[in-house]
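Q: One structure is given below, represented as structure tokens, and several questions about it will come after.
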Amino acid sequence: YPADFVTPVVMRSSVSRCVDVGHLWLDGHDPIAHLRAAWPRLRVVHLHGTNERDHASLAHVPPEQLDRVVHLLLARRFTGVVTLEIFGEEDFWSSLAALSASVYRFKGE
């Protein structure tokens with residue numbers, strides 16, 4: 001179904017929002033518009049990369065693609081939950097490294 005399929009229903013209620021950035025990437029969608037649309041109620045963001053499988057390390061995401069999401073969250077001072085939706089210790093550590101590098105690029109370090 002389309003990524004914004006639930007938006008009309010959600011906007012008529014007081015529920016919070018979760019944007020699954022990893023699955024938007026997987027399906028070829030740009031997550032920025034979805035994050036901006038959900039922002040007033042955004043409480044959870046799911047991040048993961050894709051490789052030969054879903055829920056892979058963020059190291060598989062091109063840095064400029066990851067930066068667009070991470071930098072938006074930082075610039076808007078997101079205070080919700082960011083979930084690394086990955087499975088496996090190696091993917092966890094390499095995802096943390098990718099996130100850390102993105103934060104450093106945001107700060108200009």
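The values are calculated or read from the model by the stated rules, or taken from the named source; none is laboratory data. The shown structure was predicted, so the numbers you read here are calculated from the model rather than taken from an experiment. Glycine gets a Cβ as well: all are built from the backbone with ideal geometry, and neighbour counts include every protein chain shown.
Q: How about segment 88-99: which of its residues are out of contact with any helix residue (DSSP H, G or I) (no Cβ under 9 Å at 6 or more places or on another chain) and under 23 Å from R43 (Cβ atoms)?
A: F92
Q: Would you mind finding the one in E52, E64 that is farther than 21 Å from M11 by Cα, surrounded by fewer than 13 Cβ atoms within 10 Å (Cβ to Cβ) and modelled with pLDDT of 95 or more?
A: None of the other options fit; the residue is E64.
Q: Next question, about the same structure. Can you tell me which residue in segment 1-22 is nearest to L58 (Cα to Cα), limited to those that are modelled with pLDDT under 75 and part of a loop (DSSP other than H, G, I, E, B)?
A: A3
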